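Everything below concerns the one structure shown next.
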Amino acid sequence: MSLKEKLDAIKQQMGQLPADVLEKFSTSLQALIARHPEAHALKAGDRAPLAVLKDADGKAVDLHALLTRGPLVLVFYRGLWCPFCNAALGEYQQMVGDLAASGATLVAVSAQSPAATGKTREALGVRYQLLSDPGNQLARQYGIVFELEPELEAVYRSLGADLKALNASDDLSLPMASAFVIGQDGHIRRAFINVDYSERAEPQALIEAASH
């Protein structure tokens, strides 16, 4: 089953949620799409912002250092509470070997605390690095952050996803589902940005971008 097929299956499963919840999700997403936030995001040819971020064990990871080894595939995700993120992160584990063959490194970043990031790593069984980006500071530099409505945050909390607790912050920003393939020259080769969080970059597209 392809990543797209897995994401479509999750959409169908979400149809079982209460009608008022689905309506709030839809209204929020359509309003976001109408604002065209992707127009402000970095694109191919732009210099890629890099940073030192902490992994799930609290260890500092320097993205600059990773780039000295080869291209960097930098994925931004929302959190363990997002089933679409989980499907994508799990699927991306399958491409780690192909990326390594071209010298590329895969890293996934969210605003979750290192503790929540550790839970994500354990739950999904991924072996590539998941890093913590407090307050979406790095994601903001890529122009992919938007503010979540308090009403929607309350809906997520009612469904068991306390974003403030998971992120150890009162900040209610989220990154768009994005992936950036960065060349060793420090510039973005390809930018995959989806305003709709139920859509993600396909693994093969990331592999091809990293290997050329």
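Rounded to the nearest 500, what is the 222 nm mean residue ellipticity of the chain from helices alone, with -39500 (n - 2.57) per DSSP H run of 4+ residues and division by all residues? It lands at -11500 deg cm²/dmol.
Ligands, DNA and RNA left out, the accessible area of the stretch 123-212 computed with a 1.4 Å probe is 48% carbon and sulfur.
The stretch between Asp57 and Ala161, if pulled fully straight at 0.36 nm per residue, gains 35.2 nm over its current Cα-Cα span.
Surface composition of the stretch 60-114: carbon and sulfur atoms hold 55% of the protein heavy-atom accessible area at a 1.4 Å probe.
Taking the C-alpha atoms only, the angle from helix 19-34 to the longest principal axis of the chain is near 50 degrees. In this structure, the amide hydrogen of Gln129, modeled 1.01 Å from its nitrogen in the peptide plane, lies closer than 5 angstrom to those of Ala108, counting only residues at least 5 positions away or on a different chain. Percent of Cα-Cα pairs more than 21 Å apart in the stretch 3-211, please. Taking all Cα-Cα pairs of the stretch 3-211, the fraction more than 21 Å apart is 51 percent.
Computed extension gain for Asp170 through Ala205, at 0.36 nm per residue and net of the alpha carbon distance, reaches 9.1 nm. Note on Lys43 and Val21: the extension gain reaches 4.6 nm, defined as 0.36 nm multiplied by sequence separation minus the Cα-Cα distance. With the charge dipole of the chain set up from +1 on Lys and Arg Cβ and -1 on Asp and Glu Cβ about the Cα centre, the Cα lying farthest toward the positive end among the listed residues Met14, Gln30, Ala65 is that of Ala65.
Inter-label distance, Ala100 to Ile10: 2.5 nm, where each label sits 7 Å from its Cα along the C-beta direction. Scanning residues 5 or more positions from Asp46 or on other chains, those with amide H under 5 Å from its amide H are Ile188, with H placed 1.01 Å from N in the peptide plane.
What share of the DSSP beta bridges in the stretch 3-211 is antiparallel, in percent to the nearest 5? Roughly 70 percent of the DSSP beta bridges within the stretch 3-211 come out antiparallel. Ligands, DNA and RNA are left out, and with a 1.4 angstrom probe the accessible area of the stretch 3-211 is 45 Å² per residue.
The values are calculated or read from the model by the stated rules, or taken from the named source; none is laboratory data. Predicted model, so just to flag it, every value in this text is computed and none were measured. Heads up, the Cβs are rebuilt from the backbone with ideal geometry, glycines too, and the neighbour counts pull from every protein chain shown. These area figures cover heavy atoms from the full protein model, side chains too; ligands, DNA and RNA do not enter into them. Shrake-Rupley method; radii C 1.70, N 1.55, O 1.52, S 1.80 Å.
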